[in-house]
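Asks: Below you will find the structure I want to go over with you.
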Amino acid sequence: MKIFVLNAGSSSHKSCLFDLSQGNAIGQINRPLWQAALDWTHAEGSVELTASKSGGEAVTQVLPLTDKAEGLQALVQTLVQGPTKVLDDLSEIVAVGHRVVHGGRDYQQPVVIDAGVKETIRQLISLAPAHNLANLQGIEAMEHLLGEVPQVAVFDTAFHASMPEAAATYPGPYDWVEQGIRRYGFHGISHQYVAQRAAQMLGQNLEDLKMLTCHLGNGCSLAAVKGGISVDTTMGFTPLDGLMMGSRSGSVDPGILIYLMRQEGCGVDHLDHLLNKTSGLKGLSGLSNDLRVVVEAMEQGNTQAQLAVDVFIHRLRREMGSMIASLGGLDAVVFTAGIGENSPLVWQRACEGFDFLGLKLKDDLERAKDDQDIAAADSRVRVLVIHTQEEGAIAQACHALLQ
Ligand code: AMP
């Protein structure tokens, strides 16, 4: 069963082809037959297309395209043509799975996409403007390219839908509750996958574990996963809440926004830009949203970069503490995504705050290609670094729904 997965963002498209005919055990790692990505930030007026098939070299080409649908068409062609060909014909694809960031209150499970689902995704654009619009455009482009093939939406909010009301409700006026202004939470596909994979690595039942999962990439969020269920998370009504991120501020005193609007006449679009694009690591360091760049500058004595890293770690530890309180105990911490999978500095400094819980890391921390346990043998809490497999998890969800 060949399943094409599309993770469409505003500045990139990532896609994989999986063959799930061999079954789909929970937490099992599915290796894609083929993967490809479009990088729209490459250079003005062009897109960089990189494709590879399992075990093969990556092939990169720069195409003079600015239209997202045309870029996707070129990407899909690499499945059936050239050195990355893995299919004789696109008709071998039996389903397409899409990561859709915001499912609102309507979707708490993966769903086969029809006109009604598309309309709901469209209505939710105001809650996740950059993400849901790109997701919808991706769905429409794939419909155009593949015709009648079933398409499935897998929502990043769905895993958090069972959060207790006390965790999901903002303490504003009750009207907010009725309007659906609540904590939805995001990165759910990743939090759910790494929690399942962690239980598998620990050789324990997911139902018996209290886990803190830390998705730290360009966007950052934590989830408190108790018995396999998300009971709290740091992102909220939008993906702006919670931790400090690459270029997003995370939570700030809402009084700052009122102050900026009153004292400086700051408009909505300017605030949106400030909080989403020019804050976080990028805003504080004045350098980059990429932690690698900021750490390098810090090591060369740049004090703004030092402050950015210190605030990032402080916010992370503070929110980790609040998730541990929501869990009421802690069996394992899981680090995942770009920063979480690759930064011994972040593992070390984030975990330092929790040695009073008996959490101890190994002395020699190193990045690894495989998932690893970085806790010391005598640590009371296991600490796992797990490579997230959002696309594989989306393919599994499609397979499960269509079976
Ligand atoms: P993601 O959104 O999951 O693709 O993560 C992207 C981010 O991961 C980048 O912006 C970097 O900040 C971070 N990252 C990637 N590799 C490393 C690394 N080796 N060390 C520290 N941070 C990294």
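The values are calculated or read from the model by the stated rules, or taken from the named source; none is laboratory data. Since we're looking at a predicted model, the values are computed, not measured. For neighbour counting, all protein chains shown are included, and Cβ atoms are generated from backbone atoms with ideal geometry for every residue, glycine included. With ligands, DNA and RNA removed, areas are computed over all heavy atoms of the protein, side chains included. Shrake-Rupley method; radii C 1.70, N 1.55, O 1.52, S 1.80 Å.
Asks: Say R0 is 30 Å: what FRET efficiency, to the nearest 0.05, do ASP106 and VAL149 get from their beta-carbon distance? Before the final figure, lay out the partial values.
Replies: Numbers: r = 23 Å, r/R0 = 0.77.
After rounding to 0.05, the efficiency reads 0.80.
Asks: Within the chain, what's the longest run with no GluC sites (Glu not before Pro) in a DSSP loop and at most 13 other beta-carbon atoms within 10 Å? Give the range, please. Please list the in-between numbers first.
Replies: Numbers: sites that count: GLU44, GLU57, GLU148, GLU366.
For GluC sites (Glu not before Pro) (loop position, at most 13 other Cβ atoms within 10 Å), the longest site-free span of the chain is 149-365.
Asks: Taking 8 Å as the Cα distance limit and 6 or more residues as the minimum spacing, I'd like the relative contact order of the chain as a percentage.
Replies: It comes to 14 percent, rounded to a whole number.
Asks: If you don't mind, there's one more thing I want to ask. Ignoring solvent entirely, what values of log10 I(q)/I(0) come out of the Debye formula for the range 193-232 at 0.22, 0.23, 0.25 Å⁻¹ when each Cα is a single scatterer?
Replies: The computed values of log10 I(q)/I(0) come out as -0.64, -0.69, -0.78.
Asks: With a 1.4 Å probe and every protein chain left in place, work out the accessible area per residue of the chain in Å², rounded to a whole number.
Replies: Per-residue accessible area for the chain comes out at 46 Å².
Asks: Compute the distance from the alpha-carbon center of the range 320-357 to that of the range 68-146, in whole Å.
Replies: Here the two parts' Cα centres lie 34 Å apart.
Asks: Counting each DSSP H run of 4 or more residues in the chain as -39500 (n - 2.57), what helix-only mean residue ellipticity at 222 nm follows after dividing by all residues, to the nearest 500 deg cm²/dmol? Present the calculation step by step, with values, prior to reporting the outcome.
Replies: Values: 14 runs with 151 residues, N = 403.
The helix-only estimate for the chain comes to -11500 deg cm²/dmol at 222 nm.
Asks: How long are the three semi-axes of the equivalent ellipsoid for the range 1-110, computed from the Cα gyration tensor as the root of 5 times each eigenvalue, in whole Å, largest first?
Replies: Equivalent ellipsoid semi-axes, largest first: 24, 20, 12 Å.
Asks: Would you mind checking the radius of gyration and Dmax of the chain based on alpha-carbon positions, in Å?
Replies: 21.1, 63
Asks: Can you put ASP88, ASP114 in order of accessible area, largest first, using a 1.4 Å probe? The partial results should precede the final answer.
Replies: Values: ASP88 125, ASP114 85 Å².
Result, largest first: ASP88, ASP114.
Asks: Let me ask you something else. Looking only at the range 77-192, where both bridge partners belong to it, what percent of the DSSP beta bridges are antiparallel (to the nearest 5)?
Replies: Restricted to the range 77-192, the bridges split so that about 40 percent are antiparallel.
Asks: Just report the Cα centroid separation between the range 150-201 and the range 31-63, whole Å.
Replies: The range 150-201 and the range 31-63 have Cα centres spaced 31 Å from each other.
Asks: I've got another one for you. In what order, largest first, do LEU260, LEU284 sit by accessible area if the probe radius is 1.4 Å?
Replies: Largest accessible area first, the residues go LEU284, LEU260.
Asks: Select from the range 90-142 those trypsin sites (Lys or Arg not before Pro) which occupy a DSSP coil region and have at most 16 other Cβ atoms within 10 Å, ordered by residue number.
Replies: ARG105
Asks: Using 7 Å Cα-to-Cβ label points, what is the LEU63/THR278 separation (nm, one decimal)?
Replies: In this crude label model, LEU63 to THR278 measures out at 3.4 nm.
Asks: Going by accessible area, probe 1.4 Å, with all protein chains left in place, what is the ranking of ASP253, ASP232, ASP19, ASP269, largest first?
Replies: Sorted descending by solvent-accessible area, the residues read ASP269, ASP253, ASP19, ASP232.
Asks: State the percentage of accessible surface on the range 202-328 attributable to carbon and sulfur atoms; use a 1.4 Å probe and exclude ligands, DNA and RNA.
Replies: 51 percent
Asks: Got the relative contact order for the range 181-259 handy, in percent, Cα pairs under 8 Å and 6 or more residues apart?
Replies: RCO, the range 181-259: 27 percent.
Asks: With the alpha-carbon atoms as the only input, what is the per residue convex hull volume for the range 297-336 in Å³?
Replies: Convex hull of Cα atoms, per residue: 75 Å³.
Asks: Return the carbon/sulfur percentage of the accessible area of the range 80-151, one whole number, probe 1.4 Å, all protein chains in place.
Replies: Details: 1680 of 3390 Å².
After summing per-atom areas, the C and S share lands at 50 percent.
Asks: Would you tally the net charge around LEU243, using a Cβ to Cβ cut-off of less than 13 Å, leaving LEU243 out, and scoring K and R as +1, D and E as -1?
Replies: Details: positive: ARG248, ARG315, ARG317, ARG318; negative: ASP241, GLU319.
So the environment of LEU243 carries a net charge of +2.
Asks: Okay, next question. For VAL100, list long-range residues whose amide hydrogen, built 1.01 Å from N in the peptide plane, is under 5 Å from its own amide hydrogen.
Replies: VAL154, PHE155, ASP156
Asks: Here is a follow-up. When the convex hull of the C-alpha atoms of the range 335-375 is computed, what volume per residue in Å³ does it have? Before the final figure, lay out the partial values.
Replies: Working: hull volume 2.7 nm³, N = 41.
Value for the range 335-375: 67 Å³ per residue.
Asks: Also, quick follow-up: Taking H placed 1.01 Å from N in the peptide plane, check which residues at least 5 places from HIS42 or on another chain put their amide H under 5 Å from its amide H.
Replies: GLU48
Asks: Based on DSSP, what percent of beta bridges with both residues in the chain are antiparallel, to the nearest 5?
Replies: 70 percent
Asks: Among the aspartates and glutamates, which have Cα under 19 Å from the Cα of LYS2 when same-chain residues fewer than 8 positions away are ignored?
Replies: ASP19, ASP88, ASP89, GLU92, GLU143, GLU148, GLU390, GLU391
Asks: Further question: Among the helices of the chain (complete DSSP H runs), which have Cα atoms covering no less than 20 Å along the helix axis and a Kyte-Doolittle mean of at least -0.5?
Replies: Passing helices, by number: 129-146, 188-202, 303-327.
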